[in-house]
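Step one of this worksheet: look at the structure below.
The values are calculated or read from the model by the stated rules, or taken from the named source; none is laboratory data. In this text, all values refer to a predicted model and were calculated from it rather than measured experimentally. Positions of Cβ are generated from backbone atoms using ideal geometry, with glycine treated the same way; all protein chains shown enter the neighbour counts.
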């Protein structure tokens with residue numbers, strides 16, 4: 001199993017293929033619905049540089065003591081909800097890996113092929129595990145968005161995650177789902 | 001119910017909310033074990049292993065299995081007792097808010113238009129509490145909590161078919177709904193199916209189906225045959241754990257069927273993720289609480 005350490009370069013992302021199992025070490029950013037809306041609807045650029053960055057879709061529950069934030073629970077959320085923003089996140093801000101659950105659509109798949117980025121699927125619902133792999137909150141922007149703020153966290157051994165969209169244009173979720181949808185008539189007529 | 005019942009109900013409601021988020025029902029654990037044994041895809045097997053590891057870790061640390069603290073839904077079945085539903089509702093609502101604040105649970109309830117958060121998981125329509133008479137229950141009140149996760153809830157669907165589309169149309173709609181959910185709702189799924197009733201009843205039947213233990217099949221032959229046939233067919237879709245391919249797409253199908261109008265055939269599919277969050281307890285006339293099997297007593 002490979003360990004990826006952000007920021008990610010092209011040689012790393014282009015060497016990954018769907019089905020590879022990876023873990024992550026180092027600094028990553030947490031983004032969710034409201035964080036994307038702030039960047040793309042309110043058009044406020046993210047304060048930190050996201051060049052080569054790994055972003056994860058989620059929103060932690062947390063405690064705050066003074067200026068320090070402690071994450072109590074955090075796990076991957078459904079990535080498709082931010083499909084419309086993700087191609088721009090990759091093209092305009094330089095994000096090179098998106099971590100989430102459930103996969104993403106054709107727009108993201110095309111942007112990942114063009115700009116050499118990948119999608120890493122975590123096991124949805126595995127928050128106890130993911131939370132245990134978070135070492136520290138390094139910085140936070142936009143606290144008015146509560147859990148949906150822009151979080152910079154340090155992780156150790158985050159995963160395992162499966163490469164589900166690669167730079168070749170392969171999308172494992174879409175191929176599995178396409179097969180399922182195409183099988184319905186045969187299943188109903190007992191031809192399977 | 002005697003004095004003090006509504007205080008006990010408040011405490012039980014809050015405890016059930018937290019219990020459902022930190023430990024899985026025994027019947028769901030059993031079904032996940034069977035899934036791990038039968039899954040044929042190596043990726044699928046690996047995902048089921050990670051799911052098991054995650055459940056064990058949540059138990060050891062007494063922490064949340066999944067970060068989604070859900071939409072609080074309660075089912076209260078009253079046996080042969082006098083129950084004041086205004087007071088019961090107020091107790092469950094207070095229990096929900098109290099558990100949210102005590103355990104730092106993520107507050108999920110927002111106004112759908114302004115997206116403003118109510119802060120404690122209660123509001124005008126939260127918690128959602130269903131009261132149901134159950135004359136067979138005896139002199140007790142049975143409370144079930146389901147903090148329903150949104151990833152799977154968002155993949156649910158409802159349709160009003162024509163009677164001409166028949167049982168085949170019902171099955172087609174269920175298969176299409178599951179296939180379109182893909183990996184987005186965290187499979188392997190528990191699929192709640194409602195058939196019949198009116199527009200809102202069929203949705204309710206599909207949710208009620210999810211409150212039933214996976215050990216229990218439908219009472220009538222039509223119901224249990226539909227459940228078994230749909231489970232077999234859903235698993236032929238090949239979505240597998242997390243939608244990344246495999247032989248276990250669902251661990252159970254629970255169906256509830258109700259009468260409908262001569263010109264209607266409503267179908268609802270309420271998708272539930274592998275966590276199958278659910279916890280239940282019974283309060284008797286002496287205010288003794290019995291928690292369901294295999295759970296830590298809060």
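Restricted to the range B:1-28, and to residues there that are under 22 Å from residue A:126 (Cα atoms) and not in a helix (DSSP H, G or I), the residue that is farthest from the chain's Cα centre (by Cα) is B:23.
Scanning for something at pLDDT 95 or above, more than 14 Å from chain B (Cβ to nearest Cβ) and within 15 Å of the chain's Cα centre (by Cα), does the range A:130-149 turn up at least one residue? The answer is no; no qualifying residue exists. Taking the numbered list (1) crowded, with 19+ Cβ neighbours inside 10 Å; (2) part of a helix (DSSP H, G or I) in turn, residue B:183 passes all entries but (2).
When B:65, B:73, B:8 are checked against the criterion of being buried (at least 23 other Cβ atoms within 10 Å of the Cβ) and in contact (Cβ under 8 Å) with a residue 60 or more places away in the chain, B:65 stands alone in meeting it. Scanning the range A:72-99 for residues that are without any contact (Cβ under 8 Å) to a residue 60 or more places away in the chain and within 10 Å of another protein chain (Cβ to nearest Cβ) yields A:72, A:73, A:75, A:76, A:77, A:78, A:79, A:80, A:81.
Which numbered condition in (1) at pLDDT 95 or above; (2) at negative phi; (3) surrounded by 16 or more Cβ atoms within 10 Å (Cβ to Cβ) is the only one that residue B:240 fails? The failed condition is (2). Residue A:167 meets each of the listed conditions (1) part of a loop (DSSP other than H, G, I, E, B); (2) within 14 Å of another protein chain (Cβ to nearest Cβ); (3) touching a strand residue (DSSP E or B) at 6+ places or on another chain (Cβ under 7 Å) apart from (2).
Mind listing whichever residues of the range B:105-132 are loosely packed, with under 11 Cβ neighbours inside 10 Å and closer than 25 Å to residue B:85 by Cα? Matches in the range B:105-132: B:124, B:125. Taking into account only those residues within the range A:46-71 that are in contact (Cβ under 8 Å) with a residue 24 or more places away in the chain and surrounded by fewer than 18 Cβ atoms within 10 Å (Cβ to Cβ), which is nearest to residue B:57 (Cα to Cα)? Checked the range A:46-71; the qualifying residue nearest to residue B:57 (Cα to Cα) is A:70. Of all residues in the range A:114-141, those satisfying the criterion of being out of contact with any helix residue (DSSP H, G or I) (no Cβ under 6 Å at 6 or more places or on another chain) and surrounded by fewer than 24 Cβ atoms within 10 Å (Cβ to Cβ) are A:114, A:131, A:132, A:133, A:134, A:135, A:136, A:137, A:138, A:139, A:140, A:141.
Could you list all residues from the range A:23-41 that are closer than 12 Å to residue A:120 by Cβ and either free of Cβ contacts under 8 Å to residues at least 12 places away in the same chain or within 13 Å of another protein chain (Cβ to nearest Cβ) (or both)?
Here is the first cut: in the range A:23-41, the ones closer than 12 Å to residue A:120 by Cβ are A:23-24, A:28.
Once the filter is applied, which keeps residues that are closer than 12 Å to residue A:120 by Cβ and either free of Cβ contacts under 8 Å to residues at least 12 places away in the same chain or within 13 Å of another protein chain (Cβ to nearest Cβ) (or both), the range A:23-41 yields only A:23.
You will find that of B:88, B:97, B:145, the residue that is within 18 Å of residue B:68 (Cα to Cα), surrounded by 19 or more Cβ atoms within 10 Å (Cβ to Cβ) and touching a helix residue (DSSP H, G or I) at 6+ places or on another chain (Cβ under 8 Å) is B:145 and no other.
Looking only at the range B:29-59, how many residues end up being in a helix (DSSP H, G or I) and within 12 Å of chain A (Cβ to nearest Cβ)? Give the steps one after another, and end with the answer.
The first filter runs over the range B:29-59 and keeps only residues in a helix (DSSP H, G or I), leaving B:29-38, B:42-59.
If we keep only those that are within 12 Å of chain A (Cβ to nearest Cβ) too, we end up with B:32, B:42-44, B:46-59.
Number of matching residues: 18.
Kindly establish whether residue B:148 is over 24 Å from residue B:264 (Cα atoms) and modelled with pLDDT of 95 or more. Here the answer is yes, as residue B:148 does meet what is asked.
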